[in-house]
Amino acid sequence: MKHYIILCLSVACFFTAAAQKEDSIKNSTLDEVSISTRRAEGVSRLGGAENGQNLGLAELCRAACCNLGESFVTNPSVDVNYNDAAVGARQIKLLGLSGQYVQMLCEMLPTSVGASLPYSLGYVPGSWMKSISVSKGAASVKNGPQSITGQINVEYLKPDDEEGVSVNLYGDSRLKGEVNATANKHFTERFSGNLMVHYEHDFGHHDDDGDLWHDSPTVRQLHLMSRWKYVGDRYIMHAGAGYLQEEREGGQMLTVTNPYRVLIDSRRAEGYMKHAFILDRDHNTNIALAANAFVYQLDGTFGPKDYAVDQRSFNSQLMLEHDFTEDHLLSTGLSLNGDRYDETLLSNDYSLLTEYTPGAYVQYTYTPSYKFTLMGGLRVDHSTLYDRSYVTPRMHVKWVTGDHLTLRASVGKGYRTPHAMAEQHYLLASGRTLTAPAVLPQEEAWNSGLSATLYLHLWEKSVQVNAEYYYTDFLHQAVVDYDSDPTKITIADLNGKSYSHTLQLDASCDITDELNILAAFRYNHVRCTYGGVLMEKPLQSRYKGLVTVGWKPMMGIWQLDVTLSLNGGGRMPTPYTLGDGSASWDKEFPAYPQLSAQLTREFRHFSVYIGGENLTGYRQPNPIINAATPWSADFEPTLVWGPVHGMMVYAGIRANL
């Protein structure tokens, strides 16, 4: 009912604004504005009806940003956490929910799905990225029905950017080294290309807590990508291909007799193309074809358990856009996606699933003035795996009231096909029995949200205050259940309620032209049904506080960035009773702080940076439960809620040759 109320309010706002439409731009006088702060270059709010932010190069360079997973250190909305202490799997959390409900795109094409999901944050090198757009709530219907809590789109450096070679060298106190290079070449005025290279190698084997386990796996990764671009008078082409190979080695130290080993080998080959034909420039009429395909293969050993998966996926879209007038915009299109998963568990065929999903969408945007935007979309898709069609409605409204306040509202539905074992295979490291059916019902959820952004000018200082609330309600969900049986981890369809409430407040202020401060607080109320009982979701912090300070003196020659966060406590899965009558672990985990800082010195053609992460040195005590008996049913490395390694310092150089 809440979703329909918000939908009705959105429609009411539309008719109210349409009735009061006025051409206020022609009669207004704009005072001269000078923007000189670094944050204005690095972070900007999305200009349309969707609520979110765009993180530019200046923001990404505030931290080492070795990969996509480390790009959100200074962002109050997105959390990145380890899933376990044995495999090193990481995931994004947005609106209090796991990363599979965030649609991950690279240049508006799906990429991080299925078996690669636990490691995909490490598959996007930081030095390749030009910007990241984070949209909260159910996003546009253009890119499919999968976005439930939000959408994150990564834009890479473009082939037609300035010619030359860029190099980024990185090393840290944990003996990890990285080499990144990007080369751009303009062959003609219309045709350009680039080559991007990333190599990383962990040389260290660390056991800071002395439990004879790697604190995190060592990683060796090679990633290559070549991209091409042609710009004609009425035709634009993008195309590219890439290859990735990664080896992860973790588990017990080799000094242990009969060590429990975790070994994961991954290979990924991909290609994409985009073709756009401009039919009418006056009305922005164009037709475009975009497609990508990839093959992802993983071979994993988790102690006594072997798992392998061969995933083959493709996505294609045919799109038409037309502006009837400056007020009325229409976008429509057809899509065809396909996925094939061939899985093997314990040397036995586990599952072979193939799904094709044809779909169609239409999206209408009404913008009577800069003060009001309405974007409504509807798409229909059909799944051959489930032999059913489903409808995805979504609506976004933006209303600028006066000169200082911007209001946004959104409501929409989302669907996704869960692949329980492929997406959660890191749970095989647990000593418990993992039960995951080959086919689960399609996940289905409503998401609705409200946000308000207030722009103030106080004491000659620019202040921006943002408040937002989002509610996600699941009708079907693939639930990971630790609570019902202490000997099992069960993945099954939701049997009851599952929802999340997220409230966030943040404010940023330009203290001077050189100094900026951001403060934020977020509260998560996440509940799910486990074994017939509605409970707080385990391993989820109830709140997060964040303060970032950016100082850029001497006309930007120096830059100091400091981020302090406080992650709230939460619930642990239901403990069980040991033989001596004690509990296997505490019922709750505590709040913990994290501090990071980076100092950068800019030169004419290069910059040098030095920094540190987790400078408070806080570590989760005993992240691996029963580490001394990994071959037993009581062994549990997947209950990770905090940092698994201590303080780390790093240094690097960015150069443009």
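The values are calculated or read from the model by the stated rules, or taken from the named source; none is laboratory data. None of the values given here were measured: they were computed from a predicted structure. Note: ideal-geometry Cβ built from the backbone for every residue, glycine included; neighbour counts use all protein chains shown.
Summary of values
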| read-out | value |
| --- | --- |
| Test: residue in segment 280-288 that is on the phi < 0 side of the Ramachandran plot, in a strand (DSSP E or B), crowded, with 18+ Cβ neighbours inside 10 Å and small (Gly, Ala, Ser) | no |
| Segment 423-439 - residue that is touching a helix residue (DSSP H, G or I) at 6+ places or on another chain (Cβ under 8 Å) and not in a helix (DSSP H, G or I) and, of those, farthest from ILE625 (Cα to Cα) | ALA438 |
| Sole exception among (1) among the β-branched types (Val, Ile, Thr); (2) over 24 Å from GLU107 (Cα atoms); (3) touching a residue at least 24 places away in the same chain (Cβ under 8 Å) for VAL295, by number | (2) |
| Residues located in segment 164-175, provided they are in a strand (DSSP E or B) and in contact with a Phe, Trp or Tyr (Cβ under 7 Å, 6 or more places away or on another chain) | TYR170, GLY171, ASP172 |
| From the options GLY377, GLY359, residue that is under 30 Å from LEU454 (Cα atoms) and in contact with a Pro (Cβ under 9 Å, 6 or more places away or on another chain) | GLY377 |
| Top-ranked residue in segment 190-216 [being among the charged types (D, E, K, R), out of contact with any His (no Cβ under 8 Å at 6 or more places or on another chain) and crowded, with 16+ Cβ neighbours inside 10 Å; ranked as modelled with the lowest pLDDT] | ASP209 |
| Of all residues in segment 262-292 being among the basic types (Lys, Arg) and modelled with pLDDT of 95 or more, the one that is farthest from VAL309 (Cα to Cα) | LYS274 |
| Qualifying residue in segment 399-407 (condition: touching a helix residue (DSSP H, G or I) at 6+ places or on another chain (Cβ under 8 Å), more than 23 Å from ALA288 (Cα to Cα), among the polar types (S, T, N, Q) and modelled with pLDDT under 95) | no |
| Selection count where residues are among the aliphatic types (A, V, I, L, M) and in a loop (DSSP other than H, G, I, E, B), scope segment 298-353 | 1 |
| Residues located in segment 302-360, provided they are of a type in the set (Ser, Thr, Tyr) and either at pLDDT below 95 or farther than 23 Å from ALA438 by Cα (or both) | SER316, THR325, SER331, THR332, SER335, SER347, TYR350, SER351 |
| Count of segment 381-406 residues which are loosely packed, with under 15 Cβ neighbours inside 10 Å, under 25 Å from GLY48 (Cα atoms) and hydrophobic (A, V, I, L, M, F, W, C) | 2 |
| Those residues of segment 542-556 which are in contact with a strand residue (DSSP E or B) (Cβ under 8 Å, 6 or more places away or on another chain) and either modelled with pLDDT of 95 or more or not in a loop (DSSP other than H, G, I, E, B) (or both), in sequence order | ARG542, TYR543, LYS544, GLY545, LEU546, VAL547, THR548, VAL549, GLY550, TRP551, GLY556 |
| Failed item, numbered, when GLN477 is tested on (1) within 23 Å of the chain's Cα centre (by Cα); (2) over 30 Å from THR301 (Cα atoms) | (2) |
| Filtered residues of segment 560-600 (kept if over 25 Å from ASN83 (Cβ atoms), at pLDDT below 95 and either assigned to a strand (DSSP E or B) or among the aromatic types (Phe, Trp, Tyr) (or both)) | THR577 |
| Any pair with Cβ under 6 angstrom, 6 or more apart, that starts in segment 235-250 at a residue that is in a strand (DSSP E or B) and ends at one that is acidic (Asp, Glu) | GLY242/GLU270; GLU247/ASP265 |
| Residue in segment 512-530 that is exposed (fewer than 14 other Cβ atoms within 10 Å of the Cβ), touching a residue at least 24 places away in the same chain (Cβ under 8 Å), touching a Gly at 6+ places or on another chain (Cβ under 8 Å) and closer than 30 Å to ALA478 by Cβ present | no |
| Test: residue in segment 395-408 that is under 26 Å from the mean Cα position of the chain (by Cα), touching a residue at least 12 places away in the same chain (Cβ under 8 Å) and under 23 Å from ALA115 (Cα atoms) | no |
| Subset tally (residues that are over 30 Å from ASP299 (Cβ atoms) and surrounded by fewer than 21 Cβ atoms within 10 Å (Cβ to Cβ)) for segment 110-142 | 4 |
| Matching option when the condition is surrounded by fewer than 18 Cβ atoms within 10 Å (Cβ to Cβ) and not acidic (Asp, Glu), among VAL262, VAL231, VAL219 | VAL231 |
| Matching residues, segment 434-491, being surrounded by 15 or more Cβ atoms within 10 Å (Cβ to Cβ), closer than 30 Å to GLU514 by Cα and charged (D, E, K, R) | GLU468 |
